[in-house]
Amino acid sequence: MPDAAAPVIEIRNLHKSYGTLEVLKGVDIAAPAGHVVAMIGSSGSGKSTLLRCCNLLEDSQQGDVVFCGEPVKWRGHGMGRHPADRAQVVRIRTNLSMVFQSFNLWSHMTVLQNIMEAPVTVLRRDPREVEEKARAYLAKVGIADKADAWPAQLSGGQQQRAAIARALCMEPKALLFDEPTSALDPELEQEVIRVIKALAQEGRTMIIVTHDMKLAADVAHHVVFLHKGKIEEQGPPEQIFGNPRSERLRGFLSASQ
Ligand code: ADP
Ligand code: MG
(Lines give C-alpha, C1' and ligand atoms only; values in the text may rest on other atoms or scores of the structure.)
(Ligands and ions follow the chains in the order given, each with its own letter.)
Protein backbone atom coordinates (compact mmCIF):
# COMPACT_ATOMS: atom_id res chain seq x y z
CA MET A 1 0.00 0.00 0.00
CA PRO A 2 1.22 3.54 -0.64
CA ASP A 3 2.84 5.08 2.41
CA ALA A 4 1.97 8.80 2.67
CA ALA A 5 5.07 9.53 4.77
CA ALA A 6 7.47 7.87 2.32
CA PRO A 7 9.18 9.94 -0.39
CA VAL A 8 7.17 10.07 -3.60
CA ILE A 9 10.15 8.58 -5.39
CA GLU A 10 13.30 7.16 -3.95
CA ILE A 11 16.29 5.54 -5.60
CA ARG A 12 18.70 3.46 -3.54
CA ASN A 13 22.15 2.32 -4.58
CA LEU A 14 21.19 2.30 -8.23
CA HIS A 15 23.58 0.84 -10.77
CA LYS A 16 22.93 1.26 -14.46
CA SER A 17 25.05 0.33 -17.45
CA TYR A 18 24.59 0.62 -21.16
CA GLY A 19 26.44 -2.50 -22.28
CA THR A 20 29.90 -2.19 -20.74
CA LEU A 21 29.52 1.53 -19.99
CA GLU A 22 28.61 1.98 -16.33
CA VAL A 23 26.64 5.22 -16.17
CA LEU A 24 25.22 5.15 -12.63
CA LYS A 25 27.53 3.70 -9.99
CA GLY A 26 25.42 3.35 -6.88
CA VAL A 27 23.26 6.47 -6.67
CA ASP A 28 20.72 7.41 -3.98
CA ILE A 29 18.16 10.14 -4.42
CA ALA A 30 14.82 10.88 -2.79
CA ALA A 31 12.04 13.36 -3.46
CA PRO A 32 9.89 13.73 -0.33
CA ALA A 33 6.37 15.04 -0.87
CA GLY A 34 6.35 18.80 -1.31
CA HIS A 35 10.07 19.01 -1.95
CA VAL A 36 12.01 20.20 -4.95
CA VAL A 37 15.24 18.39 -5.72
CA ALA A 38 17.58 19.94 -8.26
CA MET A 39 20.12 17.79 -10.05
CA ILE A 40 23.18 19.42 -11.53
CA GLY A 41 26.34 18.10 -13.17
CA SER A 42 28.34 18.09 -16.38
CA SER A 43 27.00 16.73 -19.61
CA GLY A 44 27.33 12.94 -19.59
CA SER A 45 27.33 12.63 -15.79
CA GLY A 46 24.14 10.52 -15.86
CA LYS A 47 21.43 13.05 -14.94
CA SER A 48 18.96 12.13 -17.69
CA THR A 49 19.59 8.44 -17.13
CA LEU A 50 18.84 8.78 -13.42
CA LEU A 51 15.63 10.68 -14.13
CA ARG A 52 14.57 8.04 -16.65
CA CYS A 53 15.31 5.29 -14.12
CA CYS A 54 12.89 6.99 -11.68
CA ASN A 55 9.92 6.43 -13.96
CA LEU A 56 11.24 3.14 -15.33
CA LEU A 57 11.87 4.44 -18.83
CA GLU A 58 15.25 2.75 -18.33
CA ASP A 59 16.04 -0.60 -16.81
CA SER A 60 18.80 -0.81 -14.23
CA GLN A 61 20.91 -3.69 -12.98
CA GLN A 62 21.10 -3.24 -9.23
CA GLY A 63 19.49 -1.21 -6.46
CA ASP A 64 15.96 -0.18 -5.61
CA VAL A 65 13.40 2.15 -7.10
CA VAL A 66 10.73 2.89 -4.51
CA PHE A 67 7.52 4.76 -5.31
CA CYS A 68 5.56 6.04 -2.28
CA GLY A 69 7.14 3.30 -0.16
CA GLU A 70 6.34 0.64 -2.75
CA PRO A 71 9.53 -1.04 -4.09
CA VAL A 72 9.57 -1.91 -7.78
CA LYS A 73 9.31 -5.66 -8.19
CA TRP A 74 11.94 -7.05 -10.54
CA ARG A 75 12.10 -10.21 -12.54
CA GLY A 76 15.55 -11.70 -13.15
CA HIS A 77 18.71 -9.95 -12.02
CA GLY A 78 21.68 -8.01 -13.38
CA MET A 79 21.54 -7.29 -17.11
CA GLY A 80 18.43 -9.46 -17.37
CA ARG A 81 16.47 -7.50 -14.77
CA HIS A 82 13.09 -6.06 -15.77
CA PRO A 83 10.07 -4.76 -13.85
CA ALA A 84 7.86 -7.75 -13.09
CA ASP A 85 4.53 -6.05 -12.60
CA ARG A 86 3.15 -4.15 -15.59
CA ALA A 87 0.39 -2.53 -13.53
CA GLN A 88 3.01 -1.22 -11.12
CA VAL A 89 5.02 0.26 -13.99
CA VAL A 90 1.92 2.06 -15.32
CA ARG A 91 1.06 3.31 -11.81
CA ILE A 92 4.56 4.72 -11.34
CA ARG A 93 4.86 6.19 -14.80
CA THR A 94 1.50 7.92 -14.73
CA ASN A 95 2.33 9.39 -11.33
CA LEU A 96 5.72 10.76 -12.33
CA SER A 97 5.12 13.06 -15.29
CA MET A 98 8.17 14.00 -17.28
CA VAL A 99 8.88 17.29 -19.04
CA PHE A 100 11.65 17.03 -21.63
CA GLN A 101 14.13 19.53 -22.98
CA SER A 102 12.64 19.19 -26.47
CA PHE A 103 8.96 19.55 -25.38
CA ASN A 104 7.91 16.38 -27.26
CA LEU A 105 4.43 17.59 -28.17
CA TRP A 106 2.69 15.55 -30.85
CA SER A 107 2.74 17.72 -33.97
CA HIS A 108 -0.43 16.18 -35.46
CA MET A 109 -2.55 17.14 -32.44
CA THR A 110 -3.67 20.53 -31.22
CA VAL A 111 -2.41 21.77 -27.88
CA LEU A 112 -5.66 20.75 -26.20
CA GLN A 113 -5.57 17.28 -27.79
CA ASN A 114 -1.96 16.87 -26.65
CA ILE A 115 -2.97 17.58 -23.08
CA MET A 116 -6.09 15.41 -23.11
CA GLU A 117 -4.55 12.37 -24.81
CA ALA A 118 -3.01 10.48 -21.87
CA PRO A 119 -5.64 11.27 -19.21
CA VAL A 120 -8.35 10.04 -21.60
CA THR A 121 -6.61 7.05 -23.21
CA VAL A 122 -4.30 5.86 -20.40
CA LEU A 123 -6.22 6.89 -17.28
CA ARG A 124 -9.62 6.48 -18.96
CA ARG A 125 -10.99 9.67 -17.47
CA ASP A 126 -14.16 11.33 -18.70
CA PRO A 127 -13.19 13.51 -21.70
CA ARG A 128 -15.45 16.38 -20.64
CA GLU A 129 -13.87 16.57 -17.21
CA VAL A 130 -10.39 16.23 -18.71
CA GLU A 131 -11.09 19.06 -21.14
CA GLU A 132 -12.16 21.31 -18.31
CA LYS A 133 -8.98 20.51 -16.38
CA ALA A 134 -6.81 20.84 -19.48
CA ARG A 135 -8.16 24.33 -20.10
CA ALA A 136 -7.57 25.26 -16.46
CA TYR A 137 -3.95 24.06 -16.65
CA LEU A 138 -3.44 25.97 -19.90
CA ALA A 139 -4.69 29.09 -18.13
CA LYS A 140 -2.38 28.36 -15.23
CA VAL A 141 0.68 28.30 -17.53
CA GLY A 142 -0.56 31.41 -19.30
CA ILE A 143 -1.59 30.06 -22.72
CA ALA A 144 -5.35 29.59 -22.40
CA ASP A 145 -5.74 31.16 -25.85
CA LYS A 146 -3.57 28.47 -27.50
CA ALA A 147 -5.84 25.48 -26.84
CA ASP A 148 -6.75 25.02 -30.51
CA ALA A 149 -3.36 25.95 -31.95
CA TRP A 150 -0.94 23.41 -33.44
CA PRO A 151 2.39 23.00 -31.65
CA ALA A 152 4.25 24.42 -34.67
CA GLN A 153 2.32 27.68 -34.26
CA LEU A 154 3.72 28.19 -30.75
CA SER A 155 7.03 29.68 -29.64
CA GLY A 156 9.43 27.37 -27.82
CA GLY A 157 8.45 28.86 -24.47
CA GLN A 158 4.75 28.35 -25.23
CA GLN A 159 5.40 24.77 -26.36
CA GLN A 160 7.24 24.02 -23.16
CA ARG A 161 4.43 25.55 -21.10
CA ALA A 162 1.97 23.37 -23.04
CA ALA A 163 4.16 20.36 -22.17
CA ILE A 164 4.02 21.38 -18.50
CA ALA A 165 0.22 21.68 -18.70
CA ARG A 166 0.17 18.21 -20.25
CA ALA A 167 2.24 16.83 -17.38
CA LEU A 168 0.00 18.55 -14.81
CA CYS A 169 -3.19 17.22 -16.39
CA MET A 170 -2.09 13.69 -15.41
CA GLU A 171 -2.36 14.95 -11.82
CA PRO A 172 0.86 13.14 -10.97
CA LYS A 173 2.42 12.83 -7.54
CA ALA A 174 5.66 14.33 -8.85
CA LEU A 175 6.99 16.15 -11.89
CA LEU A 176 10.34 15.26 -13.42
CA PHE A 177 11.99 17.98 -15.50
CA ASP A 178 14.95 17.20 -17.76
CA GLU A 179 16.65 20.50 -18.65
CA PRO A 180 13.32 22.19 -19.33
CA THR A 181 14.83 25.52 -20.37
CA SER A 182 17.94 24.39 -22.28
CA ALA A 183 16.39 24.57 -25.73
CA LEU A 184 15.01 28.09 -25.21
CA ASP A 185 16.30 31.55 -25.96
CA PRO A 186 17.00 33.53 -22.79
CA GLU A 187 13.84 35.66 -23.03
CA LEU A 188 11.64 32.58 -23.51
CA GLU A 189 13.48 30.76 -20.73
CA GLN A 190 12.05 33.22 -18.23
CA GLU A 191 8.41 32.45 -18.98
CA VAL A 192 9.06 28.76 -18.30
CA ILE A 193 11.07 29.54 -15.16
CA ARG A 194 8.16 31.61 -13.84
CA VAL A 195 5.85 28.61 -14.24
CA ILE A 196 8.31 26.26 -12.53
CA LYS A 197 8.71 28.70 -9.63
CA ALA A 198 4.94 28.95 -9.24
CA LEU A 199 4.70 25.15 -9.12
CA ALA A 200 7.43 25.03 -6.46
CA GLN A 201 5.55 27.61 -4.42
CA GLU A 202 2.43 25.45 -4.53
CA GLY A 203 4.41 22.70 -2.85
CA ARG A 204 4.59 20.36 -5.80
CA THR A 205 7.06 17.52 -5.61
CA MET A 206 9.63 17.88 -8.36
CA ILE A 207 13.01 16.67 -9.51
CA ILE A 208 14.56 19.21 -11.84
CA VAL A 209 17.67 18.54 -13.88
CA THR A 210 18.97 21.93 -14.87
CA HIS A 211 22.01 23.80 -16.12
CA ASP A 212 20.49 26.96 -14.61
CA MET A 213 22.18 27.37 -11.23
CA LYS A 214 20.01 30.37 -10.40
CA LEU A 215 16.85 28.34 -10.93
CA ALA A 216 18.27 25.51 -8.78
CA ALA A 217 19.26 27.98 -6.04
CA ASP A 218 15.84 29.67 -6.14
CA VAL A 219 13.51 26.65 -6.09
CA ALA A 220 15.34 23.63 -4.67
CA HIS A 221 15.16 22.37 -1.11
CA HIS A 222 17.96 19.96 -1.90
CA VAL A 223 20.62 19.99 -4.60
CA VAL A 224 22.44 16.92 -5.88
CA PHE A 225 25.68 17.25 -7.83
CA LEU A 226 26.27 14.23 -10.01
CA HIS A 227 29.78 13.54 -11.27
CA LYS A 228 30.55 10.55 -13.52
CA GLY A 229 27.62 8.51 -12.26
CA LYS A 230 28.13 9.18 -8.56
CA ILE A 231 26.86 11.81 -6.18
CA GLU A 232 29.89 13.93 -5.48
CA GLU A 233 28.14 16.35 -3.13
CA GLN A 234 24.57 17.11 -2.05
CA GLY A 235 22.90 19.44 0.38
CA PRO A 236 20.75 22.54 0.73
CA PRO A 237 21.28 25.21 -1.93
CA GLU A 238 23.04 27.47 0.58
CA GLN A 239 25.76 24.83 1.00
CA ILE A 240 26.00 23.76 -2.63
CA PHE A 241 26.16 27.25 -4.06
CA GLY A 242 27.41 29.22 -1.06
CA ASN A 243 29.91 26.89 0.53
CA PRO A 244 30.71 23.96 -1.78
CA ARG A 245 33.09 21.46 -0.19
CA SER A 246 34.13 19.36 -3.13
CA GLU A 247 36.85 20.62 -5.43
CA ARG A 248 34.97 19.15 -8.41
CA LEU A 249 31.79 20.98 -7.49
CA ARG A 250 33.70 24.23 -7.13
CA GLY A 251 35.23 23.68 -10.57
CA PHE A 252 31.83 22.87 -12.06
CA LEU A 253 30.21 25.95 -10.54
CA SER A 254 32.90 28.32 -11.70
CA ALA A 255 32.64 26.85 -15.22
CA SER A 256 28.83 27.33 -15.17
CA GLN A 257 28.96 31.04 -14.37
P1 ADP B 1 23.49 13.75 -18.76
O2 ADP B 1 22.01 13.82 -18.84
O3 ADP B 1 24.05 14.05 -17.41
O4 ADP B 1 24.16 14.58 -19.83
P5 ADP B 1 23.11 11.04 -19.68
O6 ADP B 1 22.36 10.35 -18.61
O7 ADP B 1 22.36 11.46 -20.88
O8 ADP B 1 23.92 12.24 -19.05
O9 ADP B 1 24.28 10.10 -20.19
C10 ADP B 1 25.22 9.49 -19.33
C11 ADP B 1 26.15 8.60 -20.15
O12 ADP B 1 25.39 7.53 -20.69
C13 ADP B 1 26.81 9.29 -21.30
O14 ADP B 1 28.12 8.77 -21.44
C15 ADP B 1 25.96 8.89 -22.50
O16 ADP B 1 26.70 8.89 -23.67
C17 ADP B 1 25.52 7.49 -22.11
N18 ADP B 1 24.21 7.13 -22.66
C19 ADP B 1 23.05 7.78 -22.46
N20 ADP B 1 22.02 7.17 -23.07
C21 ADP B 1 22.56 6.09 -23.69
C22 ADP B 1 22.02 5.02 -24.48
N23 ADP B 1 20.71 4.95 -24.76
N24 ADP B 1 22.88 4.08 -24.94
C25 ADP B 1 24.19 4.13 -24.65
N26 ADP B 1 24.77 5.09 -23.89
C27 ADP B 1 23.97 6.05 -23.42
MG1 MG C 1 20.75 14.95 -20.01
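The values are calculated or read from the model by the stated rules, or taken from the named source; none is laboratory data. Remember, predicted model here, so these are calculated numbers, not experimental data. Methodologically, a virtual Cβ is constructed for each residue, glycine included, from the backbone with ideal geometry; neighbour enumeration extends over all protein chains shown.
Within region 58-73, work out how many residues are without any contact (Cβ under 8 Å) to a residue 24 or more places away in the chain and within 16 Å of ligand 2 (Cβ to nearest atom).
0
If the Cβ limit is 9 Å and pairs must be 6+ apart or interchain, which residue in region 37-57 that is under 20 Å from residue 82 (Cα atoms) pairs with which residue that is of a type in the set (A, V, I, L, M, F, W, C) and within 9 Å of ligand 2 (Cβ to nearest atom)?
48/209; 50/209; 51/209; 57/51
Give 17, 45 a once-over and let me know the one that is more than 17 Å from the chain's Cα centre (by Cα) and surrounded by 15 or more Cβ atoms within 10 Å (Cβ to Cβ).
Numbers: 45 fails: more than 17 Å from the chain's Cα centre (by Cα).
None of the other options fit; the residue is 17.
Working carefully through the options 19, 80, 76, 46, find the one that is under 30 Å from residue 257 (Cβ atoms), of a type in the set (Gly, Ala, Ser) and either within 16 Å of ligand 2 (Cβ to nearest atom) or modelled with pLDDT under 95 (or both). Give the steps one after another, and end with the answer.
Values: 19 fails: under 30 Å from residue 257 (Cβ atoms); 80 fails: under 30 Å from residue 257 (Cβ atoms); 76 fails: under 30 Å from residue 257 (Cβ atoms).
None of the others qualify; the one that does is 46.
Taking into account only those residues within region 199-244 that are more than 20 Å from residue 180 (Cβ to Cβ), free of Cβ contacts under 8 Å to residues at least 60 places away in the same chain and out of contact with any helix residue (DSSP H, G or I) (no Cβ under 8 Å at 6 or more places or on another chain), which is surrounded by the most Cβ atoms within 10 Å (Cβ to Cβ)?
The residue in question is 235.
In region 52-66, what residues are surrounded by 17 or more Cβ atoms within 10 Å (Cβ to Cβ), more than 8 Å from residue 16 (Cβ to Cβ), under 14 Å from the mean Cα position of the chain (by Cα) and more than 8 Å from ligand 1 (Cβ to nearest atom)?
Of everything in region 52-66, those that are surrounded by 17 or more Cβ atoms within 10 Å (Cβ to Cβ), more than 8 Å from residue 16 (Cβ to Cβ), under 14 Å from the mean Cα position of the chain (by Cα) and more than 8 Å from ligand 1 (Cβ to nearest atom) turn out to be 54, 55, 56.
Can you tell me which residues in region 2-22 are within 17 Å of residue 39 (Cα to Cα) and outside any loop (DSSP other than H, G, I, E, B)? Spell out the reasoning first.
Narrowing region 2-22 to residues within 17 Å of residue 39 (Cα to Cα): 7-14.
Listed by number, the residues that qualify are 9, 10, 11, 12, 13, 14.
Name the single residue, out of those in region 1-47 being of a type in the set (Ser, Thr, Tyr) and under 24 Å from residue 238 (Cα atoms), that is farthest from ligand 1 (Cβ to nearest atom).
42
Determine if region 133-141 includes at least one residue that is free of Cβ contacts under 8 Å to residues at least 12 places away in the same chain, assigned to a helix (DSSP H, G or I) and over 24 Å from residue 14 (Cβ atoms).
Scanning region 133-141 turns up at least one residue that is free of Cβ contacts under 8 Å to residues at least 12 places away in the same chain, assigned to a helix (DSSP H, G or I) and over 24 Å from residue 14 (Cβ atoms).
In the set 128, 135, 124, 91, which member is surrounded by fewer than 18 Cβ atoms within 10 Å (Cβ to Cβ), modelled with pLDDT of 95 or more and touching an Asp or Glu at 6+ places or on another chain (Cβ under 9 Å)?
Of the residues listed, the single one that is surrounded by fewer than 18 Cβ atoms within 10 Å (Cβ to Cβ), modelled with pLDDT of 95 or more and touching an Asp or Glu at 6+ places or on another chain (Cβ under 9 Å) is 91.
Quick check on region 98-106. Is at least one of its residues over 25 Å from residue 195 (Cα atoms) and either away from ligand 2 (no atom under 14 Å from the Cβ) or touching a strand residue (DSSP E or B) at 6+ places or on another chain (Cβ under 8 Å) (or both)?
No: region 98-106 contains no residue that is over 25 Å from residue 195 (Cα atoms) and either away from ligand 2 (no atom under 14 Å from the Cβ) or touching a strand residue (DSSP E or B) at 6+ places or on another chain (Cβ under 8 Å) (or both).
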